[in-house]
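Worksheet: one structure, shown below.
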Amino acid sequence: MTGSQLAKMLLVCLGFDSDIEGYTGNAWDMNVNVRATQKGLYKGLEGLDVSAALTRDTAAQMVWNALQAGEVKYEYTWVGGDATKVTAVDKLDNANNPITLLKDKYNATIVDDGILTSINKDSKGTYNVVVTNKDTTTTYTKVEKDYSDLMGQKVDVMVKDGDQSKVYGIYANEDSKVIATGVVGDLDPVTGDSEKIKLDSTEYKIDTGAKVYHFNKTADAGTLISLAKTHSGVQDAYSIKLIDNDGNGKIDRAVVTPFAVAEVTYVGTSSMTFQAVNGFATIGNKDVDDVTAYDGIAEDDWVIVYADSDTVDGNYNVEKATVVTGEVTGTRNNNTEGLIDGTWYTSLVSGETFNVGDTVDVVTVGRYAFDVEISDTTATSADVLYVDGLEIKTGLNAGLNAKLYFTDGTSKEALISKIDGYKVVTTGSAKAGEVLVSGSSSDTGTAGSAGYSKAMTSIVDLVYTFSVDGDKYEIKTISDSNKAGFKGQNTVNSYADKTLTLKDNSTAKIADDAVIFVEGADDTKVVSGATVNAWGKDSISFTAANSIVLYSESNGFKYVQVGSLKLASGNIPDASGDTAYGYVTADPYLIKEDGTNYIQYTLWTADGEKVVREKTSDVHANKGDFISYNVGDGTTIKTVEVGDDANLFAGAVTAYAGGEDINMVQADNSAISPFANKMADDATVVYVNTADTKGVDGGKIRTASKDSNDKYIANVMYKLDSENKVEVLFVDVNNDLEAVDNPVVADDKKAVEDAVSALKSAVTTGSANGTAEKPYTKTVTNTDGKSLDLITFSANGTTVSASIVEDTATKITSVKYADGKLTATSTENMVDGSVKLAITIANNNATATVYVNVTLN
């Protein structure tokens, strides 16, 4: 079907008569196209070949234009004799508005309404759409479709019967166009021209005062030209949409979509916790009902999070971020940009940089990086073994026999056929390419040359990489050129407090899942890193030549993954330490077993929930307390201490970027100690939710929030060790310890307490406690007047009011505080007697009431 043919059909639908209009005969198509143009059927289809076959989209546009066109009718006018004039005129409604085909057939109206400024999903799965123009704001309800892709554009709304809850559709107005899309980081001003900006190097005209709006926000976030001139940090990764809403070819509105990049630190059945990277607002622990996330979200995922205030459904919307893994082959701009697989990535987070040659995992959004970590995807401890003993045998198993230990904990005896690529011989002398292994005391010769030999003592008690040739093993010495795929290798001098001191005096931590071959005077064992980390704080020395570790690196720290530790003397140590720490999550209660009373506690600890008991009839800790205790036998504990008695104190983290460095202040924002700025190597970190008095399986240490007076709000309970390092840290995942007053409340209470103290100093307290039953007393000389100062004291900036509780005919009618005095007034002269006053001292939310019995004589 051609354009002219469809136009003829549509004109007939609008009321035109084919015979009257000349839509038949040789000139039919010319007549059709003239009238079709007049009625706007070709609107938006400039350049259309009306004689060519229509596409589906073009036909749909013509039908849509026809639905919006006015219907016609014919008027017949007698002009004399048999002559009659026939005129096509618009059909009008009672208000003289044209009746469109849409209105006539569907009772629908298209409203040229305004800018789509926000959309919110309701509980029934439909949407509330807010459209704003200069004069009014209209909310359309029960909208079936999410039209958020039109955010910020001028729209037309098709409604039925003028009812804003019956919306057929919402469409971009013909004058509204998205001119360009990109990211804020590509936005720049045009030098010397305040009416132009550039996006990704392309220039665009802008209207004077063009504003920027955040997605789903009705208030502007400043001007577009200001954003083009000043943007930085994580903001650069935000997407931006540039819109012309009045068809003048100039951008008059921009829509920016903010987000946060975060690591998922906990996923539970009822909540999940997100740790935003530096530069983004804190997210924290959220109920699963308040999060819209992808299927399979898991702990350690990296995600893009859109805040609940910025989303259509009102939930935190979570998408999985892209993690790019590859070797950094180039850097620039002080290492903040890294080249991986031909793509440059720009880090937007302070401290996250690239180094040439590193294989890294990079958390990205587009070409921007938010976390850069060393990747050890090529490293595997399975390629390492430990040679525990050697023996040269003859006969059936002739050769170099070894006792070998493997990283899976197994051991076996086997022949070693090659060392560092050289064939092992045990008799005669070595030819070129061979190595003679003997019981001599030292190595001789040059590796690879004839006469090269090694002493068994230089081979035994070491780790090697290996390969297998049948039932024989070929081993290779660990060195800088043979690191089994790990970042580095070194020898070890000593251990203390979960830290290894290496030969070059640098230090390395031990990954809990590391595989360590340990040899002492009593035995050789294959143990985990966690077992080594439990050796305690005592220093242990090693034979450095036989103690070799392979390590990875992360954020500047070395983490041992596999290696050997040969004790210089003594047996392999046992785990030590018998003091543990916990958070009481339920009300303790008394139980009795075999006639013995116990108090049973439910604790949240570094090892999860524990139900333990203390042999006592007295409750030593309550729900919500942070405690220390002696682990006893693991079930029956002892020596329960609470808070300060356990050396656990409330504090606020003021700086923490991972690792050992941490800055804190006490809950009242006073300094802890200038040396309390390190995490102990074996620090215990426990995550809790004090708002609900429960433990949380995981989380992150975050910097504390501030209150309205710019003071930090307590978010941790800490214990320092003898070196003033943080040994124990309870971290509230909501960043606010509910049981500890924030500094504003604490200051308010302090002011009230000081004023109460001043009042007590001005009265007689004796054995009274200031309650209504036991009021303080004050005797005042009666001047027989109508005004009398009763008590003088400093209010310390608080508000003081007083009411009369009881009066024995003193004639006092009111008591007010002013100028440091409580003054009584009366309408007639006061007489001797007594009056009980309730004196209330208040400072914001902190109040105290003190009762005083004043005697006039």
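Taking the stretch 685-706, which residues are closer than 14 Å to G658 by Cα and of a type outside the set (A, V, I, L, M, F, W, C)? Answer for the stretch 685-706, where residues must be closer than 14 Å to G658 by Cα and of a type outside the set (A, V, I, L, M, F, W, C): G699, K700, R702, T703.
Considering every residue within the stretch 36-53, establish whether at least one is of a type in the set (V, I, T), surrounded by 13 or more Cβ atoms within 10 Å (Cβ to Cβ) and part of a loop (DSSP other than H, G, I, E, B). Yes, there is a match, as at least one residue in the stretch 36-53 is of a type in the set (V, I, T), surrounded by 13 or more Cβ atoms within 10 Å (Cβ to Cβ) and part of a loop (DSSP other than H, G, I, E, B). Would you check if there is a residue in the stretch 61-71 being touching a strand residue (DSSP E or B) at 6+ places or on another chain (Cβ under 6 Å), modelled with pLDDT of 85 or more and β-branched (V, I, T)? For the stretch 61-71, residues touching a strand residue (DSSP E or B) at 6+ places or on another chain (Cβ under 6 Å), modelled with pLDDT of 85 or more and β-branched (V, I, T): absent.
Tallying residues that are of a type in the set (S, T, Y), surrounded by 13 or more Cβ atoms within 10 Å (Cβ to Cβ) and assigned to a loop (DSSP other than H, G, I, E, B) within the stretch 779-807 yields 2.
Here's a check for you: in the stretch 454-468, which residue that is free of Cβ contacts under 8 Å to residues at least 60 places away in the same chain and not in a strand (DSSP E or B) is nearest to V549 (Cα to Cα)? It comes out as S458.
When N26 is tested against the conditions (1) surrounded by 15 or more Cβ atoms within 10 Å (Cβ to Cβ); (2) part of a loop (DSSP other than H, G, I, E, B), the lone failure is (1). Only one of the numbered conditions (1) closer than 19 Å to G643 by Cβ; (2) part of a strand (DSSP E or B); (3) in contact with a Ser or Thr (Cβ under 6 Å, 6 or more places away or on another chain) is not met by T684, and that is (3).
For W78, state whether it is out of contact with any helix residue (DSSP H, G or I) (no Cβ under 6 Å at 6 or more places or on another chain) and either surrounded by 12 or more Cβ atoms within 10 Å (Cβ to Cβ) or in contact (Cβ under 8 Å) with a residue 40 or more places away in the chain (or both). For W78, the condition - out of contact with any helix residue (DSSP H, G or I) (no Cβ under 6 Å at 6 or more places or on another chain) and either surrounded by 12 or more Cβ atoms within 10 Å (Cβ to Cβ) or in contact (Cβ under 8 Å) with a residue 40 or more places away in the chain (or both) - is not met.
Kindly provide the set of residues from the stretch 469-509 that are part of a strand (DSSP E or B) and within 17 Å of D538 (Cα to Cα), ordered by number.
Passing the criteria: V492, N493, S494, Y495, A496, T499, L500, T501, L502, T507, A508, K509.
Counted as qualifying within the stretch 557-623 are the strands (runs of 3 or more DSSP E) with 2 or more residues that are buried (at least 20 other Cβ atoms within 10 Å of the Cβ), namely 557-566, 579-584, 596-605, 608-614. Filtering D161, D186, D135 for residues that are among the charged types (D, E, K, R), assigned by TED's automatic domain parsing to the domain that holds T230 and free of Cβ contacts under 8 Å to residues at least 60 places away in the same chain leaves a single hit, D186. Would you check which residues across the stretch 440-470 are over 51 Å from the mean Cα position of the chain (by Cα) and over 21 Å from T427 (Cβ atoms) and list them? G470, the sole residue that qualifies. Residues E474, E434, E519: which one is acidic (D, E) and in contact with a helix residue (DSSP H, G or I) (Cβ under 8 Å, 6 or more places away or on another chain)? Criteria check complete, one pass: E519.
Scan the stretch 77-112 for residues that are at pLDDT below 80, among the hydroxyl-bearing types (S, T, Y) and in a strand (DSSP E or B) and the total you get is 1. If the condition is being in a loop (DSSP other than H, G, I, E, B) and closer than 27 Å to T524 by Cβ, then the stretch 412-436 contributes D420, G421, T426. Screening V159, V212 for residues that are over 34 Å from the mean Cα position of the chain (by Cα) and either more than 30 Å from A108 (Cβ to Cβ) or assigned to a strand (DSSP E or B) (or both) leaves exactly one candidate, V159. One residue stands out in the stretch 263-273 among those that are more than 15 Å from D732 (Cβ to Cβ) and part of a strand (DSSP E or B): the one that is farthest from the chain's Cα centre (by Cα), namely V267. Those residues that are surrounded by fewer than 17 Cβ atoms within 10 Å (Cβ to Cβ), under 16 Å from V728 (Cβ atoms) and at pLDDT 85 or above, I need them from the stretch 630-659; list them, please. Hits for the stretch 630-659 are V642, G643, D644, D645, N647. Among the residues in the stretch 716-728, are any part of a loop (DSSP other than H, G, I, E, B), at pLDDT below 95, acidic (D, E) and crowded, with 16+ Cβ neighbours inside 10 Å? Yes, because at least one residue in the stretch 716-728 is part of a loop (DSSP other than H, G, I, E, B), at pLDDT below 95, acidic (D, E) and crowded, with 16+ Cβ neighbours inside 10 Å.
The values are calculated or read from the model by the stated rules, or taken from the named source; none is laboratory data. From a predicted model like this one, the values you see are computed outputs, not experimental measurements. Reconstructed Cβ throughout: ideal geometry from the backbone, glycine too, with neighbour counts over all protein chains shown.
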